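One structure is given below, encoded as structure tokens.
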Amino acid sequence: MSSTIGEHRYPLMFSPLKLPFTTLKNRIIMGSMHTGLEDVEGGIDRMAVFFAERAKGGVGMIITGGISPNEEGGMGGSGSKLATTEEVAQHRKITTAVHNAANNVKICMQILHAGAQAGTKSPVAPSAVKSRVAASTPSALDDLGIEKQLNDFANCAARAQDAGYDGVEIIGSAGYLLSAFMVAKTNLRNDNWGGVWSNRMRFPVEVVRRVRAAVRNDFIVIFRVPAMDMLEQGMSREEVLELAKTIVSEGVNIISTHFTWHEARVPTIATMVPRAAFASVTGRLKEALNVPVITSNRINMPEVAEQVLRDGNADLISMARPMLADAELVNKARSGREDEINTCIACNQACLDHTFTGRMTSCLVNPRACNETLLEYKTVEQPKNIAVVGAGPAGLSLSVIAAQRGHKVTLIEQTEMIGGQFNLAKQIPGKEEFSETIRYFNRMIEVLNINLHLGTVASKQYLQSMAFDEVIIATGIKPRTLDLPGIEHPMVVSYIDVITGKVPVGKRVAIIGAGGIGFDVATLLAHAGTSPSQDIEVFAREWGIDFDKHPRGGVTGVEPSVLKADREIYLLQRKSTPVGMGLGKSTGWTHRIALRQRDVNMINNVEYLKIDDEGLHLLVADQPQTLAVDNIVVCAGQESLRGLYDELSKGDVSTHLIGGAYEAAELDAKLAIDQASRLAAVL
């Protein structure tokens, strides 16, 4: 069989990995993530389709989202458990679908006991220590309780084998039950399960021993170790290594590395994190082990995966969110179509932000993720001639999907480039990944022969003269003008002009509006030097990580150090709630910390009075104050640009309004792309 373009370009990524009893066909794993499908009606059937599409997409192995071994360890939903014969039958739908979808794709089920972070009424843990991210304090396990948990792990693994899984992954990280036993701050016991490290390690080792004994010798057992947990007084490098060596001796076939607790104050998966930032930690562990090792976190393109393998930092690459963004990622790499990959930009807006707020997981750049049975892009029988006005995220998404379905699409954009607001986002330090989405759309316009007109204003007369069957208006937004005395003062500038560098900005700056745009502007103006997302050393320095010496948790005793711009910045908010609380659940805290580190003054409960030569006059908690600033950047919301739609909707041509032009909601690209995708699916 002849090799493909991708196998020449990525020889390590496409090389098989041999285990003593089976072979993985390549080095790419779809990593574990909770989707929410586990807990909705018909969710197992939808999960079967979801995973089958990723199997067809070319991965070597899939690891499911976390499934609890019992009621007390679950995340609160009814379907995230495997303990009974009835549940085995449900899970068999998933394994059958995956094995039927593609040859030699393995699927392993992650066993996740959430411990103190469980969403149940009666969580259990080694000690009654409340997790910062949990609602209640867990009950400390007694000896009988520990024995029950151990047996439940073994039973769950055996049930997974019965359900047709090729293996299990035991998660021993992230602050869940097993890692809580291992860290002294959450294990306050003074019996054989606590105290000295050998006792704290005992529970996860016993879990492995029982699981291995409960399954066949040819059943894959993976263990996810907390390779660097990002906790003050967390696990030491020596403890991680001893744990890994011990569980390998007990029958673990593959070690997977993880790099955080949910309570840690270091970002590990946000777009501000450099690609493959933590791979070197895996590499050092790999040197000491004689089984394959998986690395993960911010590896989103094939060239990154290949480089990690080439550097000897891993044997296998886990990509979780990238498989939400593009189920065909591996196949595209194999056939030399990397530029057609819809890249994960690590925004977290539709995946982790949804997970942490109890909503269904999906993907900002691919709303079909986890909606495969609900959002189908079927080939049309009668192609239409469609005009799309506006090449921002909404217009681009609709154009590509409509063209993929067989429609003839003309895309009209009044500026000289596609991308809309993503062209602003990519300028913000830490958001450079947004350029990947623009690259993807540029390529798909070529591949699908979309008729692109740049620098063109679409008038009513033009559109009516071209005999389009459908006209889609995706003209976006314009910044809202504040009704404030002095708003026309020369010191007042638009956030668009600031981000694009059209206007110089002085040393003292007030930013009106602390939503996502306000935070972006503050980040841009407060930043100096190399973007942390582009340099692992800068990232480590700014977040207080010592990758070389690896103190406890990787962070103990390490002081963050940032390079600050020479500016005094005030980020202002009308609301009385803490500044930035409306940002995404999984990334908002990172943005707040980053601005505090750069001494940005974040002020809430503000009432704006006027602007004059003295500066910005306001009330702060009803107290008058004047900010003597050089510039005032207005980030106070947007207004929809829907005038063309209002003109056309009175005519005979079917006209639709999408994206920011439909609803100017804080530049919500997630909503815009989702709306565009759903419309494109039914045109």
Counting other beta carbons within 10 Å of each residue's own, what order do ASP674, ASP599 fall into, fewest first?
ASP599, ASP674
Using θ = phi - 60° and Karplus 6.51 cos²θ - 1.76 cosθ + 1.60, couplings along the stretch 492-508 (whole Hz; Gly, Pro as x):
7, 10, 7, 4, 5, 5, 5, 5, 7, x, 5, 10, x, 10, x, 7, 10
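Looking at the square roots a ≥ b ≥ c of the eigenvalues of the Cα gyration tensor of the stretch 577-683, which shape do they give, rounded for a/c under 1.5, prolate if a/b is larger than b/c, or oblate?
oblate
For the stretch 1-56, which GluC sites (Glu not before Pro) are both in a DSSP coil and crowded by at most 16 other Cβ atoms within 10 Å?
Passing both the DSSP loop test and the Cβ count: GLU41.
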Among beta bridges that DSSP assigns inside the chain, antiparallel share in %, nearest 5
20 percent
The chain - mean residue ellipticity at 222 nm from DSSP helices (-39,500 (n - 2.57) per run, n ≥ 4, rounded to 500):
-9000 deg cm²/dmol
At a 10 angstrom cut-off on C-beta neighbours, averaged per residue, how do the peptides 17-28, 160-171 rank from highest to lowest?
160-171, 17-28
With θ set to phi - 60°, apply the Karplus curve 6.51 cos²θ - 1.76 cosθ + 1.60 along the stretch 467-478 and write out the HN-Hα couplings as whole Hz, x wherever there is a Gly or Pro.
6, 6, 7, 9, 10, 10, 9, 10, 7, x, 9, 10
Exactly which trypsin sites (Lys or Arg not before Pro) in the stretch 548-605 are in a DSSP loop and have at most 16 other Cβ atoms within 10 Å?
LYS549, ARG574, LYS575, LYS585
Note, GLY358: beta-carbon cut-off 15 Å, +1 each Lys/Arg, -1 each Asp/Glu, net -1
Pop out the ³J(HN,Hα) list for the stretch 566-575 in order, Karplus 6.51 cos²θ - 1.76 cosθ + 1.60 with θ = phi - 60°, rounded to Hz; leave Gly and Pro as x.
7, 9, 9, 10, 10, 9, 10, 9, 5, 4
Around LYS245, with a cut-off of 13 angstrom between Cβ atoms, what is the net charge of the other residues, counting Lys and Arg +1 and Asp and Glu -1?
-3
Based on the Cβ-Cβ distance from ALA89 to ASP218, what FRET efficiency comes out when R0 is 22 Å, to the nearest 0.05?
0.45
What order do you get for LEU448, LEU177 when you list them from fewest to most C-beta neighbours inside 10 Å?
LEU448, LEU177
Order by neighbour count: VAL388, VAL509, VAL281, fewest other Cβ atoms within 10 Å first, most last.
VAL281, VAL509, VAL388
Express in whole angstrom the spacing between the alpha-carbon centres of the stretch 61-128 and the stretch 137-176.
10 Å
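Between GLU647 and ASP497, what is the FRET efficiency for a Förster distance of 35 Å, r being their Cβ-Cβ separation, to the nearest 0.05?
0.75
Since every read-out is calculated from the coordinates, none of them should be taken as a lab result. Keep in mind the model is a prediction, meaning the values are calculated, not measured. So basically every Cβ, Gly included, is an ideal-geometry build from the backbone, and we count neighbours across all protein chains shown.
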